[in-house]
Amino acid sequence: MRRVGILGGTGLAGLDGVEAGPATDAPPETPYGAPSAAPERGTRGAVEVVFLQRHGRPRSILPHRVNYRANLWLLQSLGVDAVIAAFTVGALAREYRDADLVVPNQLIDYTHGRADTFAGVDEIRHVDFTEPFDATLRSGLVAAGERCRLRGRLHTDGVYGCTQGPRLETAAEVDRLERDGCTVVGMTAMPEAVLARELGVRYAGVCLVVNPAAGRGDGPITSAGIEAAVERGAADLSLLLQTFLDGLDEGG
Ligand code: HPA
């Protein structure tokens, strides 16, 4: 039996197709404080799934206020050794459309002031982070995308620029991100990815594109536009994750 953690975001409220396990009501405390929500446990085939909503239930925690350390620590303490994170992002790459999915292979961290290590103040730790996303999990996600015929709407690599938020970017900031090589911009992959690495938990993610990045669309980015894209893409994201879990069950 494999145990996989799924970190839900704006585009992934829960996990369809997962048989619910026993409810856990109160978010347990961790040595790092309270996680975003109570973990939800379930199974799909022989795969055990622990779902955690990073923005809380009801959704109320902004990206810069998420307790990433508590969330990752909790997942690991529940026996999870692989995490798939769902993100919503703005698109920089011209070929990405709203409701497309992207499996990023790289990231650039533009956040500041977030609790981004488990290392104590006196402890020197330099974790290797050359490849921030786990290659095997990424291949599993890409294979799942092919199996559920998302080809064309699933981009098999991408560079995730993680900004501090909670505001969206200026057009000039997006120009800089593009010069840096970013293809999508979001607010939650860091420090999540590096904390997983510190714990030895394999980590990969799927981005749901919900808007053209600032200055790349026809006008301002609106909540209504983002919600419409979430509505259009959420089912594909959920299907991709279910197919991915089935691949694990079959030994992939
Ligand atoms: N920028 C940063 N984070 C985001 C965006 C964006 O345009 N869209 C969704 N999350």
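Just how large is the dipole of region 6-68 about the Cα centre, in debye to the nearest 20, putting +1 at every Lys and Arg Cβ and -1 at every Asp and Glu Cβ?
Here the size comes out at about 260 debye.
Please state the charge dipole magnitude for the chain, taken about the Cα centre, from unit charges on C-beta atoms (+1 on K and R, -1 on D and E), reported in debye and rounded to the nearest 20.
Details: 25 positive and 33 negative charges, 50 e Å.
The dipole magnitude comes to about 240 debye.
Under a 5 Å amide H to amide H cut-off, with H placed in plane at 1.01 Å, what residues pair with residue 5 once short-range neighbours are removed?
Amide H neighbours of residue 5: 50, 81, 82, 83, 84.
Using DSSP, restrict attention to beta bridges with both residues in the chain and report what percent are antiparallel, rounded to the nearest 5. Please report the intermediate quantities before stating the final value.
Details: 12 of 43 bridges.
Just about 30 percent of them are antiparallel.
With springs only between Cα atoms under 10 Å apart, run a GNM on the chain and tell me which of 186, 217, 42 wobbles the most.
217
Got a number for carbon plus sulfur as a percent of the chain's accessible area, 1.4 Å probe? Please list the in-between numbers first.
Numbers: 5670 of 11470 Å².
Heavy-atom surface of the chain belonging to carbon and sulfur, 1.4 Å probe: 49 percent.
What GluC sites (Glu not before Pro) does region 39-103 have in DSSP loop regions with at most 15 other beta carbons within 10 Å? Walk me through the numbers on the way to the answer.
Working: sites: 40, 48, 95; in loops: 95.
Within region 39-103, the qualifying GluC sites (Glu not before Pro) (loop, at most 15 other Cβ atoms within 10 Å) are 95.
Per residue of region 94-103, in order, report the coupling 6.51 cos²θ - 1.76 cosθ + 1.60 (Karplus, θ = phi - 60°) as ³J(HN,Hα) in whole Hz, putting x for Gly and Pro.
Taking θ as phi minus 60°, the curve returns 5, 7, 7, 10, 4, 6, 5, 10, 10, 9 Hz for region 94-103.
Tell me, what HN-Hα J-couplings in whole Hz come from the Karplus equation 6.51 cos²θ - 1.76 cosθ + 1.60 at θ = phi - 60° for each residue of region 142-148, using x for Gly and Pro?
5, 4, 4, x, 5, 5, 9
Pick from 122, 218, 98: which is most flexible by mean-square fluctuation in a GNM of the chain where alpha carbon atoms under 10 Å apart are linked?
Of the options given, 122 has the highest mean-square fluctuation.
Quick one: length gained pulling residue 151 to residue 65 fully straight, 0.36 nm per residue minus the C-alpha distance? If you can, show how the numbers build up before the last one.
Working: separation 86, 0.36 × 86 = 30.96 nm, distance 3.47 nm.
Between residue 151 and residue 65, full extension yields 27.5 nm more.
What are the chymotrypsin sites (Phe, Trp or Tyr not before Pro) within region 73-165 that DSSP puts in a loop, where the Cβ has at most 15 other Cβ atoms within 10 Å?
Working: sites: 73, 87, 96, 110, 118, 129, 133, 160; in loops: 96, 110, 118, 129, 133.
Listed in order of number, the matching sites are 129.
Can you list, largest first and rounded to whole Å, the semi-axes you get for region 97-252 by taking the square root of 5 times each eigenvalue of its Cα gyration tensor? Mind showing how you got there, number by number?
On the way: eigenvalues 127, 116, 30 Å².
In descending order the semi-axes read 25, 24, 12 Å.
Could you derive backbone 3J(HN,Hα) for region 57-66 from the dihedral phi with the Karplus parameters 6.51, -1.76 and 1.60 (θ = phi - 60°), listing whole Hz in sequence and x where the residue is Gly or Pro?
Rounded to whole hertz, the list is 10, x, 5, 8, 9, 6, x, 6, 10, 5.
So if we plug the beta-carbon distance of residue 136 and residue 218 into 1/(1 + (r/R0)^6) with R0 = 30 Å, what FRET efficiency do we get, rounded to 0.05?
On the way: r = 39 Å, r/R0 = 1.32.
FRET efficiency, residue 136 to residue 218: 0.15.
With a probe of 1.4 Å, find how much accessible area the chain has per residue, and write the answer as a whole number in Å². All intermediate terms of the calculation are to be shown ahead of the outcome.
Working: 11470 Å² over 252 residues.
Ligands and nucleic acids excluded, the figure is 46 Å² per residue.
The values are calculated or read from the model by the stated rules, or taken from the named source; none is laboratory data. Here the structure is a predicted model, which is why all the values come from computation and not from measurement. All Cβ positions, glycine included, derive from the backbone under ideal geometry; neighbour counts span all protein chains shown. Surface areas here come from the heavy atoms of the whole protein model, side chains and all, with no ligands, DNA or RNA. Shrake-Rupley method; radii C 1.70, N 1.55, O 1.52, S 1.80 Å.
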